[in-house]
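Report on the structure given below.
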Amino acid sequence: MRLAADIPRRLIVAVGGNAIDADRGDDSPEAQKAIAARTAQAMLPLLLLDNQLVITHGNGPQVGKLLLANAIARERIRPLSLDILVAQTQGATAYILAQAFENALRAVGNPRHVVGLVTQVEVDPADPAFAHPTKPVGPFFPEAEAKALADELGVTVQEDAGRGWRYVVPSPKPIHICDISLAQTLMAMRTVVIVGGGGGVPVVRDAQGCRHGVEAVIDKDLTTAAIANVLGIRDMMILTAVPRVAIHFGKPGQQELCTVSLSQIRRYQAEGHFPAGSMGPKVDAAVRFLEGGGRRAIITSLETAMPALLGETGTHIVSDADFAALQANGSGSGASGTPSLAGRRAQRSTP
Amino acid sequence: MTNGEPRHANDVGFEFPRRLIVAISSSAIDPLDGTGTPQALKEQAAATAQAMLPLLLLDNQLVITHGNGPQVGKLLLASAVARGRITPQSLDILVAQTQGGIAYLLAQAFENALRAVGSPRHVVGLVTQVEVDPQDPAFAAPSKPVGPYFTQGEAQALAEQFGVTVKEDGRAWRYVVPSPQPRHICDISLVEALMCTRTVVVAGGGGGIPVVRDGIGCRRGVEAVIDKDLTTAAMADVLGIRDMMILTRVPRIALRYGRPDQQDLGRVSLSEIRRYRAEGHFPPGTMGPKVDAAIRFVEGGGRCAIITSLDHAVPALRGETGTHIVPDESVDAPAAVPVAGIAGAGA
């Protein structure tokens with residue numbers, strides 16, 4: 001029933017760090033692979049579209065475990081810097097995801113390739129984030145242990161909402177995706193490309209063009225938006241825990257958003273509807289993506305990825321002009337996605 | 001025809017292979033004492049990049065593989081030390097982690113070395129799975145020591161808790177794991193696609209993530225490590241790369257190594273090197289796997305396998321040093337790839 005015209009020719013999808021790792025409970029290798037297999041099943045309809053597809057992913061739980069192992073084993077093994085740890089999580093997560101995705105494809109007889117690239121992302125050494133580390137990463141420590149680690153390893157620690165002490169690191173903005181032309185080459189061959197994992201390995205570039213890793217983490221959704229803009233991908237999908245973004249979330253007046261214009265989402269943003277620790281960065285990334293030339297940003301859950309792409313659910317953020325066109329079509333406030341999609345749907349429902 | 005492939009002559013002053021695969025060892029990014037700080041790892045990678053720079057500047061197709069022994073060892077040790085608080089990961093996942101970490105360090109160091117001389121060449125790291133045969137006899141007899149040294153008590157506790165195999169290895173106890181042969185390099189067409197764009201491709205790290213494939217083509221990771229030199233030879237074979245270079249600690253391999261009558265090898269035929277191997281000149285823990293990989297490579301149609309040190313990589317490619325293992329029919333044709341002759345050929 002799917003119409004080819006509904007499917008964007010190029011698509012970028014950001015999956016969460018929980019795509020291969022449970023937030024709590026069993027995190028054995030077998031459990032991680034089982035979660036990855038479920039993620040692959042949910043993504044399979046997207047993988048089977050014959051379009052150009054780029055996937056990014058989070059790495060919160062994974063980098064947290066490496067930081068904890070670093071801390072525990074520090075007497076016997078020299079702790080590694082955050083850039084190297086992010087690169088390690090890129091390797092492992094790309095492996096687990098690529099294997100699960102290819103297995104899901106092979107199980108239905110599809111030979112499509114999936115490849116993982118190690119990705120550096122440049123940040124500005126003058127980014128104000130470096131002066132104010134604010135992003136909590138890694139495990140929770142008791143106060144005494146946290147302070148000992150701060151002394152010994154020179155990390156910054158901070159109390160986090162009564163739950164314990166955590167490392168805090170700078171979270172600068174991505175300004176350049178390194179070697180992105182290689183992702184483009186692979187994408188154009190219809191290979192599914194996993195890239196920019198964990199927001200990318202954070203690096204700064206000197207005047208000569210030489211790069212150096214820095215102690216920071218980059219928001220993976222902002223990196224996804226930057227990759228989409230530089231690759232000219234006009235449809236971006238951010239997968240999270242809920243099918244739609246809501247305003248007044250968790251309050252009596254909670255209202256889920258279907259199709260929203262850029263101006264409207266900015267307004268909600270300014271009104272403080274999207275908390276910094278959860279939906280905020282995703283909405284920020286969607287806004288930046290549209291400002292950078294994107295056509296449609298969809299925020300939805302893993303399970304509803306395909307229905308959302310078809311316009312049946314998800315929060316769709318579009319330019320003001322597109323939103324007006326949708327309104328003129330009489331479908332703007334509904335769950336439908338793009339003007340072209342709405343048009344097709346109208347045709348189909350005509351007897 | 002073993003010498004039919006065109007060679008380039010350009011302003012570097014010598015002819016070089018159009019396609020080349022180079023295996024570098026894990027010491028390329030990790031000081032041998034194993035205690036490296038992140039800064040020390042990066043300095044080591046920068047030194048490696050300086051030594052490799054003349055190769056990176058050749059305008060040819062270049063694939064780089066690397067070892068991961070010390071790195072996977074540190075992850076195994078951290079896994080063991082932190083096991084009360086963090087669920088240990090399986091060896092396939094740890095190998096994937098080392099591929100990510102090392103590919104990052106190498107790609108950054110190589111690109112920095114290139115940028116410093118004004119070259120815009122790209123270097124990319126790919127996460128690589130390598131298939132092994134589930135029936136490989138290695139699975140029945142784990143023999144490859146990996147990771148850190150433990151006391152007997154600690155080793156036996158780990159063996160009981162994780163079901164790993166441990167064995168006494170000279171001074172202490174270590175894990176031993178199966179080391180099956182590489183049978184298939186997954187998604188190698190992507191390496192080829194990038195290589196053809198003149199991107200330097202870092203792939204097959206640590207011998208690749210070991211996986212087996214079932215009847216419908218689905219893969220799953222296994223507890224094993226694959227020899228990186230054998231994986232390098234397999235990659236060369238499937239990519240049609242006819243020149244392979246394995247970088248190690250010595251400029252040439254030797255017969256009767258370490259004895260007064262030690263004899264370094266320059267240009268050797270396949271038959272000769274097979275004979276030396278049968279005579280036991282190449283111990284399994286050091287030069288053995290490299291010689292095995294070179295033999296397999298030449299048997300598979302390779303034109304020349306060079307074994308030399310990082311510092312001698314470029315002179316060896318020029319034919320001035322290194323051990324060159326070639327098919328029997330080309331060993332007596334010094335005009336083709338003379339050990340000391342190429343230097344002048346392109347001048």
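The values are calculated or read from the model by the stated rules, or taken from the named source; none is laboratory data. All values derive from a computational prediction rather than experimental measurement. All Cβ positions, glycine included, derive from the backbone under ideal geometry; neighbour counts span all protein chains shown.
Residue selection: A:ASN70 fails the criterion of being within 14 Å of chain B (Cβ to nearest Cβ) and closer than 30 Å to A:ARG234 by Cβ.
Of the candidates A:GLY213, A:GLY209, A:GLY199, the single residue that is more than 22 Å from A:VAL54 (Cα to Cα) and touching a strand residue (DSSP E or B) at 6+ places or on another chain (Cβ under 8 Å) is A:GLY213. Applying the criterion of being surrounded by 18 or more Cβ atoms within 10 Å (Cβ to Cβ) and in contact with a Lys or Arg (Cβ under 8 Å, 6 or more places away or on another chain) to the residues of the stretch B:162-174, the residue that is farthest from the other protein chains (Cβ to nearest Cβ) is B:VAL166. I'd like to check something: does the stretch B:54-64 contain any residue that is buried (at least 21 other Cβ atoms within 10 Å of the Cβ), in contact with a strand residue (DSSP E or B) (Cβ under 8 Å, 6 or more places away or on another chain) and within 11 Å of chain A (Cβ to nearest Cβ)? So far as the stretch B:54-64 goes, no, none of its residues is buried (at least 21 other Cβ atoms within 10 Å of the Cβ), in contact with a strand residue (DSSP E or B) (Cβ under 8 Å, 6 or more places away or on another chain) and within 11 Å of chain A (Cβ to nearest Cβ).
Selection of the stretch B:126-165 for residues being more than 28 Å from A:LEU97 (Cβ to Cβ), of a type in the set (A, V, I, L, M) and modelled with pLDDT under 90 yields B:ALA155, B:ALA157, B:LEU158, B:ALA159.
Residue-wise test of (1) touching a helix residue (DSSP H, G or I) at 6+ places or on another chain (Cβ under 6 Å); (2) more than 19 Å from A:ASP219 (Cβ to Cβ); (3) among the aromatic types (Phe, Trp, Tyr).
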site: A:ALA246; (1), (2), (3): no, yes, no
site: A:GLY253; (1), (2), (3): no, yes, no
site: A:LEU257; (1), (2), (3): no, yes, no
site: A:SER263; (1), (2), (3): yes, yes, no
site: A:GLU271; (1), (2), (3): no, yes, no
site: A:SER278; (1), (2), (3): no, no, no
site: A:ASP284; (1), (2), (3): no, no, no
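Is at least one residue of the stretch B:196-207 polar (S, T, N, Q), surrounded by fewer than 19 Cβ atoms within 10 Å (Cβ to Cβ) and either more than 22 Å from B:HIS122 (Cα to Cα) or away from every other protein chain (no Cβ under 14 Å) (or both)? Within the stretch B:196-207, none of the residues are polar (S, T, N, Q), surrounded by fewer than 19 Cβ atoms within 10 Å (Cβ to Cβ) and either more than 22 Å from B:HIS122 (Cα to Cα) or away from every other protein chain (no Cβ under 14 Å) (or both). The set of residues in the stretch A:151-185 that are within 14 Å of chain B (Cβ to nearest Cβ), among the charged types (D, E, K, R) and assigned to a helix (DSSP H, G or I) contains only A:GLU152.
Just to be sure, is A:GLN208 under 25 Å from B:ARG115 (Cβ atoms) and among the polar types (S, T, N, Q)? Against the criterion (under 25 Å from B:ARG115 (Cβ atoms) and among the polar types (S, T, N, Q)), A:GLN208 qualifies. The single residue among B:GLY118, B:GLY147, B:GLY101 that is in a strand (DSSP E or B) and of a type in the set (Gly, Ala, Ser) turns out to be B:GLY147. Of the set (1) farther than 18 Å from B:GLY147 by Cβ; (2) surrounded by fewer than 24 Cβ atoms within 10 Å (Cβ to Cβ), all apply to B:THR87 but (1).
Would you check if A:PRO243 is buried (at least 18 other Cβ atoms within 10 Å of the Cβ) and in a loop (DSSP other than H, G, I, E, B)? For A:PRO243, the condition - buried (at least 18 other Cβ atoms within 10 Å of the Cβ) and in a loop (DSSP other than H, G, I, E, B) - is met.
For B:VAL314, the requirement of being at pLDDT below 95, within 19 Å of the chain's Cα centre (by Cα) and under 26 Å from B:THR48 (Cα atoms) is met. Is it the case that some residue within the stretch B:73-93 is within 14 Å of chain A (Cβ to nearest Cβ), assigned to a helix (DSSP H, G or I), under 18 Å from the mean Cα position of the chain (by Cα) and at pLDDT 95 or above? Taking every residue of the stretch B:73-93 in turn, at least one turns out to be within 14 Å of chain A (Cβ to nearest Cβ), assigned to a helix (DSSP H, G or I), under 18 Å from the mean Cα position of the chain (by Cα) and at pLDDT 95 or above. Taking residues in the stretch A:93-121 that are at the interface with chain B (Cβ under 7 Å from one of its Cβ atoms) and surrounded by 19 or more Cβ atoms within 10 Å (Cβ to Cβ), and partners anywhere that are part of a helix (DSSP H, G or I) and among the polar types (S, T, N, Q), the pairs with Cβ atoms closer than 6 Å and at least 6 places apart or on different chains are A:VAL118/A:GLN90.
Conditions (1) facing chain B (nearest Cβ under 9 Å); (2) part of a helix (DSSP H, G or I); (3) under 20 Å from the mean Cα position of the chain (by Cα), marked per residue:
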| site | (1), (2), (3) |
| --- | --- |
| A:MET187 | no, yes, yes |
| A:ARG190 | no, no, no |
| A:ILE218 | no, no, yes |
| A:ASP221 | no, yes, yes |
| A:THR224 | no, yes, yes |
| A:ILE227 | no, yes, yes |
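Yes/no per residue for (1) away from every other protein chain (no Cβ under 14 Å); (2) over 25 Å from the mean Cα position of the chain (by Cα):
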position	(1), (2)
B:GLY118	no, yes
B:ARG121	no, no
B:THR128	no, no
B:TYR149	no, no
B:GLU160	yes, yes
B:VAL176	yes, no
B:PRO182	yes, no
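B:LEU106 - would you say it is surrounded by fewer than 22 Cβ atoms within 10 Å (Cβ to Cβ), at the interface with chain A (Cβ under 10 Å from one of its Cβ atoms) and part of a helix (DSSP H, G or I)? When the stated conditions are applied, B:LEU106 does not pass them. Just so you know, in the stretch A:22-44 the residues that are more than 10 Å from chain B (Cβ to nearest Cβ) and in contact with a Pro (Cβ under 9 Å, 6 or more places away or on another chain) include one that is farthest from A:LEU105 (Cα to Cα), and it is A:ASP23.
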